[in-house]
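Following: one structure in structure tokens, then a few remarks.
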Amino acid sequence: MGGGKDRKRGLSRRDFIKVVGAGGGGLLASGAVPVAAQDKPGARVLGPDKVPCTLKVNGREHALHFEPRTTLLNALRNKLDLTGPKEVCDRGACGACTVWLDGRPVNSCMMLALDAEGGDITTIEGLARGDKLNPVQAAFVEKDALQCGYCTPGFVMSMAACLRDRPKATLDEVKQGCAGNLCRCSAYTQIFEAAQAVVRGDTFDTNVSKLSGDALREHLEKEGVPRLDAPAKVKGEARYTSDQKPPRLLHARTLNSMFAKASVEGEPDLEAARKVPGVQHVEVINRNPGIGAPVALAAADDPQAADEALAALKIRLRPEPAGRDVDKIFRDNLKADPAKEGLTYFIQTVQHCPLEGHGCMAHWQEPVALFQESTQGIHAARGAMAQALRMEPGKLRAVVEHVGGGFGCKISPWSDAPRAMRLSKDLGVPVLYMENRETVLANGGGRNLAIVADGRQVRLGLQGYGTMPALRAPGTPQARFVADLRLDWEAEQAGVDPLDYRKEKDAAHAEWYDQGAKAIGWERRQKKPGSAAGPVKRGLGIGYGKFQSGEGVDFAEVEVDVEIGVVRVKKMVVVFGGGWINRRGAISQITGGTIMGLSWCMFEERMMDRAVGGMMNPNLEFYKVAGPVDIPEIQVILRGSHGNAGGIGEAPVCAVAGAIGNAIHNATGAWVTRQPFVPRNVLAALKAR
Amino acid sequence: MIVAQVKIYKDGRVEALIGSQDIGGGARTVILLVTSSKLGYLPLEKVRVKIGDTDLPRSGTSAGSSTTPSVTREITAAVEEVKRRLFELVAPELGAGAADLEIRPGGKVGGRGDAAKELDWDRATRLISESIIGHVPTELKEVAIYYHADKRGKLTHVTLDDCERSA
């Protein structure tokens, strides 16, 4: 996606970022002329004051006034109250802000609103014709192509443009068509099915809401129903915490440290920050922050004004040596001889990375103060807020209608939510305070673990590296990875087929293994691992996972290019048992959990600067999560029964790394025991083979 | 303390109220389906779900794959309670004892084993004067106690969260 054709002003947001990044946000506010504008012959200099701009959105023209640096996304969300397009990465990496400009999808976060003047803008809110959904929206509802729904408006806009231009799109073209969008819940399988249903011209006329009695029961058993909030989510009408817009709202933004330990050098320029138009409040919070901790906060009537005020502070952080040398801990414990004692494993730290970060819209009122928090537990959130503010819980009301993902990082109430309520009380207006993407990634995560061959576990202990809340199926995926590779290693030592070895060891699941083996075509595995000719080798592997009442056997087929160390997962078969209420919802949890497990073991890694404990990749360009083109075919064999309500949100992530790791071994003969399975780790394992 | 509430209105509408939250796992839909299924698979359009608010009956945090099992248990218990109240209203009409009534597919209310004597859902609920409510009280009075301390760790005061306040 790009910015579309050249527009009349000829000044991209990148030019602004360059200027702001180099000199601090104060430059624009103080009236200095942006260098980029001076360089362009004939270019007009706009601002620093508000300029008029007419935007044509969803067929209606709006005469607006805003600062020239206003992004199209900001104008849509905050000048026009079109909150369907979401702000997630704020740098064009995730596609959640996708809208159409003259019919072409663009990342509205990467474009200045002024550059969209004269163009025809369509947002998710303008896609349906009255009550009649666009075919892509209807298919998303029917095929359950969403979970939390935060990415959905962006996906729908990308997909609707793709299928309008290529009505006969193949699966690969569908994946390419939404390749710039990320879904952290990983409803990709259903998103592709929805697109293919549109290509086929499927119509969805079953009005399940009127079915009753046995007809409804049978429908639920065989097919399940679309989720209740799907229509609101595909239309961009679902309001998350980030979308709350009570009158007189102020947007609070923070500057957060990315170092384990740091101190603020010199005096932040509070005066300059307070001069930024629209800014109501600026404060330095913490001069000695830990990682992810807020250093300074600004509240303004516009989020970009708050960001500009933070830049105007010109805060310089001096990092201090703080981290622990994780590699050294690992090396010191690597004493075992793999040939005799087994394998040594290293599990990297991965992140929750929900697309909606922690956030709180606080509205201080008497006698009961209201807040909306993006949380996995509203009652716990209220308790924590009451505790922090030393008030009776009954004087607080917590609300959350929709949550943009959590995966464990929102189990504990957000520690910074009370800051929003205190600000609201002090300033006398509602305050919306959302965590920025860097902080979402720096604060959170889990899984970090090394396990040496003799069974000792070495917690790598990321002290000073941020908080480590529970992460989907806490503790289990890493334990299962170790156990699954161990099983295949033992089978190989014994000269037995891993499938037979498992069936013998785990007779209760023999039928599950057989079902999966048949579906993946187990007979195609390399009888002797790594023996296939040529540099691109295929292999098959098995894993087993269990969490609470759900359990599953996974089979993976991979392709490994042994010359460059690239692994591609071609197919997954998941034989899953556990009770379910809604068939569609259950399958979506299983495929989504499988993809999240795949994303963790294949791509994700929190990269730390060992010297200063700094997170080096706190953004969605360099913290890579699985996107549409990374998703293999996933076949789910559901063994559970309808009506027997179990929880199945976590078990599906547990068996994936083992199945893929064993498949890599089958393909190459190498044990890749260090995750993620990226070329660096794969090539090292191939060398050690 | 109440953990879930199911209301049946005179016009046949049903409301399931529970202070849970939907983080993308589909809890809202699960609550809808469980409520409908426990009322003879009542048409989904008759059931409304309200979640995500501390003014609603207290439910737990969405964690540990526990939401579906726990809301299912809580909603089922609330439905059982509201059904008992509905049967008390319907029993005289059917000339049967309330204890002998059951909900049949499609929401029909009738005596066990006697297909002839039954009322369809809308006729049965018309006997309600405005609405009837099924609560799930727990015997366990779950009270959260918060100890507040100053920066030096000295206890300053204690607050209680009894999870209810007058609406």
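Just a yes or no: is a residue in region A:505-514 open to solvent by less than 10 Å² (accessible area, probe 1.4 Å), on the phi < 0 side of the Ramachandran plot and outside any strand (DSSP E or B)? Yes: one or more hits.
Counting just the residues of region A:630-653 that are modelled with pLDDT of 95 or more and in contact with a Lys or Arg (Cβ under 8 Å, 6 or more places away or on another chain), which one comes out surrounded by the fewest Cβ atoms within 10 Å (Cβ to Cβ)? For region A:630-653, the residue satisfying everything is A:Glu633. A single entry from B:Glu45, B:Glu15 fulfils the requirement of being surrounded by fewer than 20 Cβ atoms within 10 Å (Cβ to Cβ), more than 9 Å from chain A (Cβ to nearest Cβ) and among the acidic types (Asp, Glu): B:Glu15. Residues in region B:18-30 that are small (Gly, Ala, Ser) and facing chain A (nearest Cβ under 7 Å) were compared, and the one that is farthest from A:Pro354 (Cα to Cα) is B:Gly19.
Evaluation of B:Ser66 against the conditions (1) touching a residue at least 12 places away in the same chain (Cβ under 8 Å); (2) open to solvent by 40 Å² or more (accessible area, probe 1.4 Å) shows that the sole unmet condition is (1). Quick one: A:Ala508 ticks every box in (1) without any contact (Cβ under 8 Å) to a residue 12 or more places away in the chain; (2) more than 24 Å from the chain's Cα centre (by Cα); (3) closer than 30 Å to A:Gly613 by Cα bar one, so which box is it? Here A:Ala508 clears every test but (3). Number of residues in region A:590-617 that are under 22 Å from the mean Cα position of the chain (by Cα) and either charged (D, E, K, R) or at pLDDT 95 or above (or both) equals 17.
Scanning region A:154-198 for residues that are among the aliphatic types (A, V, I, L, M) and more than 24 Å from A:Gly84 (Cβ to Cβ) returns a single hit, A:Leu171.
Quick one: B:Leu33 ticks every box in (1) over 21 Å from A:Gly404 (Cβ atoms); (2) surrounded by fewer than 24 Cβ atoms within 10 Å (Cβ to Cβ); (3) within 7 Å of chain A (Cβ to nearest Cβ) except a single one, so which number is it? With (1) over 21 Å from A:Gly404 (Cβ atoms); (2) surrounded by fewer than 24 Cβ atoms within 10 Å (Cβ to Cβ); (3) within 7 Å of chain A (Cβ to nearest Cβ) applied to B:Leu33, the lone miss is (2). Each residue in region B:112-138 was checked for being over 14 Å from B:Gly40 (Cα atoms) and open to solvent by 10 Å² or more (accessible area, probe 1.4 Å), and 17 pass.
Of B:Gly111, B:Gly52, B:Gly64, all but one fail to be within 9 Å of another protein chain (Cβ to nearest Cβ), touching a helix residue (DSSP H, G or I) at 6+ places or on another chain (Cβ under 8 Å) and not basic (Lys, Arg); the exception is B:Gly52.
To keep it simple, each residue is scored yes or no on (1) among the hydroxyl-bearing types (Ser, Thr, Tyr); (2) free of Cβ contacts under 8 Å to residues at least 60 places away in the same chain.
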{"residue": "B:Gly24", "(1), (2)": "no, yes"}
{"residue": "B:Arg28", "(1), (2)": "no, yes"}
{"residue": "B:Leu42", "(1), (2)": "no, no"}
{"residue": "B:Pro57", "(1), (2)": "no, no"}
{"residue": "B:Thr76", "(1), (2)": "yes, yes"}
{"residue": "B:Glu81", "(1), (2)": "no, no"}
{"residue": "B:Glu88", "(1), (2)": "no, yes"}
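Regarding region A:574-585, can at least one residue be identified that is open to solvent by less than 20 Å² (accessible area, probe 1.4 Å) and within 22 Å of A:Arg524 (Cα to Cα)? Looking for residues that are open to solvent by less than 20 Å² (accessible area, probe 1.4 Å) and within 22 Å of A:Arg524 (Cα to Cα), one finds at least one in region A:574-585, hence yes.
When restricted to residues that are within 10 Å of chain B (Cβ to nearest Cβ) and either without any contact (Cβ under 8 Å) to a residue 24 or more places away in the chain or of a type in the set (Val, Ile, Thr) (or both), region A:355-378 contains 3. Whenever a residue of region A:546-559 is under 16 Å from A:Ile587 (Cβ atoms), its partners that are of a type in the set (Lys, Arg) and open to solvent by 30 Å² or more (accessible area, probe 1.4 Å), lying with C-beta atoms within less than 8 angstrom and at least six residues away or across chains, give the pairs A:Gly552/A:Lys546.
In this structure, A:Arg44 does satisfy being open to solvent by 10 Å² or more (accessible area, probe 1.4 Å) and part of a loop (DSSP other than H, G, I, E, B). Suppose we filter region A:402-434 for residues that are open to solvent by less than 20 Å² (accessible area, probe 1.4 Å) and either on the phi > 0 side of the Ramachandran plot or among the aromatic types (Phe, Trp, Tyr) (or both); how many remain? Here the count works out to 3. In the set (1) free of Cβ contacts under 8 Å to residues at least 60 places away in the same chain; (2) open to solvent by 10 Å² or more (accessible area, probe 1.4 Å); (3) within 14 Å of chain B (Cβ to nearest Cβ), A:Ala145 fails one condition alone, (2). Of all residues in region B:19-53, those satisfying the criterion of being touching a Leu at 6+ places or on another chain (Cβ under 6 Å) and more than 13 Å from A:Leu228 (Cβ to Cβ) are B:Gly19, B:Tyr41. Of all residues in region A:343-378, exactly one satisfies the criterion of being part of a loop (DSSP other than H, G, I, E, B), open to solvent by less than 10 Å² (accessible area, probe 1.4 Å) and of a type in the set (Asp, Glu), namely A:Glu356. Here A:Ala386, A:Ala398, A:Ala381 are screened, and the one residue that is within 7 Å of chain B (Cβ to nearest Cβ) and part of a helix (DSSP H, G or I) is A:Ala386.
The values are calculated or read from the model by the stated rules, or taken from the named source; none is laboratory data. Not measured: the values here are computed from a predicted model. Counting neighbours? That spans all protein chains shown, and the Cβs are built from the backbone with ideal geometry, glycine included. Heavy atoms of the whole protein, side chains included, go into the accessibility calculation; ligands, DNA and RNA do not. Shrake-Rupley method; radii C 1.70, N 1.55, O 1.52, S 1.80 Å.
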